[in-house]
1. Filter the stretch 85-98 down to the residues that are open to solvent by less than 50 Å² (accessible area, probe 1.4 Å) and not charged (D, E, K, R) and list them by number.
2. Listed residues Val134, Val140, Val82; which is within 28 Å of Pro53 (Cα to Cα), assigned to a loop (DSSP other than H, G, I, E, B), in contact with a Phe, Trp or Tyr (Cβ under 8 Å, 6 or more places away or on another chain) and open to solvent by less than 10 Å² (accessible area, probe 1.4 Å)?
3. Please work out which one of (1) open to solvent by 40 Å² or more (accessible area, probe 1.4 Å); (2) hydroxyl-bearing (Ser, Thr, Tyr); (3) within 18 Å of Phe6 (Cα to Cα); (4) modelled with pLDDT under 95 is the condition Ser126 fails and give its number.
4. If you take the residues in the stretch 1-14 that are open to solvent by less than 30 Å² (accessible area, probe 1.4 Å) and in a loop (DSSP other than H, G, I, E, B), which one is farthest from Asn116 (Cα to Cα)?
5. If you take the residues of the stretch 143-156 that are modelled with pLDDT under 90 and hydrophobic (A, V, I, L, M, F, W, C), which of them is surrounded by the most Cβ atoms within 10 Å (Cβ to Cβ)?
6. Residue by residue through the stretch 107-123, note down the ones that are open to solvent by less than 80 Å² (accessible area, probe 1.4 Å) and modelled with pLDDT of 95 or more.
7. Give me a count of the residues in the stretch 15-36 that are of a type in the set (Gly, Ala, Ser) and open to solvent by less than 20 Å² (accessible area, probe 1.4 Å).
8. Taking the criterion of being touching a residue at least 60 places away in the same chain (Cβ under 8 Å) and surrounded by fewer than 18 Cβ atoms within 10 Å (Cβ to Cβ), would at least one residue in the stretch 99-106 satisfy it?
Amino acid sequence: MRKVIFAINITVDGCCDHTKQSVDEEKLEYFTHLTRQVDLQIFGRKTYQLMVPYWPDVLKNQSETKADTEFARAFVSINKIVFSRSLDGAEDKNTRIVRTNLHDEILKLKQEQGKNILVGGVDIPSQLIKLGLVDEYLFVVAPIVAGEGRRLLEGVNLPEQLQLKLVETKIFKSGSVALRYLKQ
């Protein structure tokens, strides 16, 4: 069975607002490696519209750093599903918009053959966490206290406490730390 992996950049105080932190080359290389290990990415509309057309444009222009270009190449090449009721169409040829039940669709995707599934953003992952459908968590914690901004799982009431097991850590030169957890 395929695993659902939730990965996100977050500050020490739990802020996951992308405007409150930066992504350096080392983090980009880390996420490029992660993206190449899966064959499907899941997003909600907001996160999808942050990623597309930004990363496809980086790949077209090739005026960014090597790390930016490599991440863009990995991102563009992978299949994507966007859960949205309001998005009319996808700008990316590898993207499918899904309007059906999130729970049922993810269960079906987990049963399909293939590599693991990567989910990003906040809204869709929060719903998946609440439904108990996330198998692995990857937090890249920046050494920043943002003091404001959107927090992970803000306003989400979990049916029960979620117990995780730390299975891997990586310390970046910037002081950021990647923490990989498995659901117990």
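The values are calculated or read from the model by the stated rules, or taken from the named source; none is laboratory data. Just so we're clear, the structure is a prediction, and the values are computed from it rather than from any experiment. So basically every Cβ, Gly included, is an ideal-geometry build from the backbone, and we count neighbours across all protein chains shown. Quick note on the areas: whole protein, heavy atoms, side chains included, nothing else; ligands and nucleic acids left out. Shrake-Rupley method; radii C 1.70, N 1.55, O 1.52, S 1.80 Å.
1. Correct list: Leu87, Gly89, Ala90, Asn94, Thr95, Ile97, Val98.
2. Of Val134, Val140, Val82, the one residue that is within 28 Å of Pro53 (Cα to Cα), assigned to a loop (DSSP other than H, G, I, E, B), in contact with a Phe, Trp or Tyr (Cβ under 8 Å, 6 or more places away or on another chain) and open to solvent by less than 10 Å² (accessible area, probe 1.4 Å) is Val134.
3. Only one criterion in (1) open to solvent by 40 Å² or more (accessible area, probe 1.4 Å); (2) hydroxyl-bearing (Ser, Thr, Tyr); (3) within 18 Å of Phe6 (Cα to Cα); (4) modelled with pLDDT under 95 is unmet by Ser126, namely (1).
4. Gly14
5. It comes out as Leu152.
6. Leu107, Leu109, Lys110, Gly114, Asn116, Ile117, Leu118, Val119
7. Adding up the residues that qualify gives 0.
8. no
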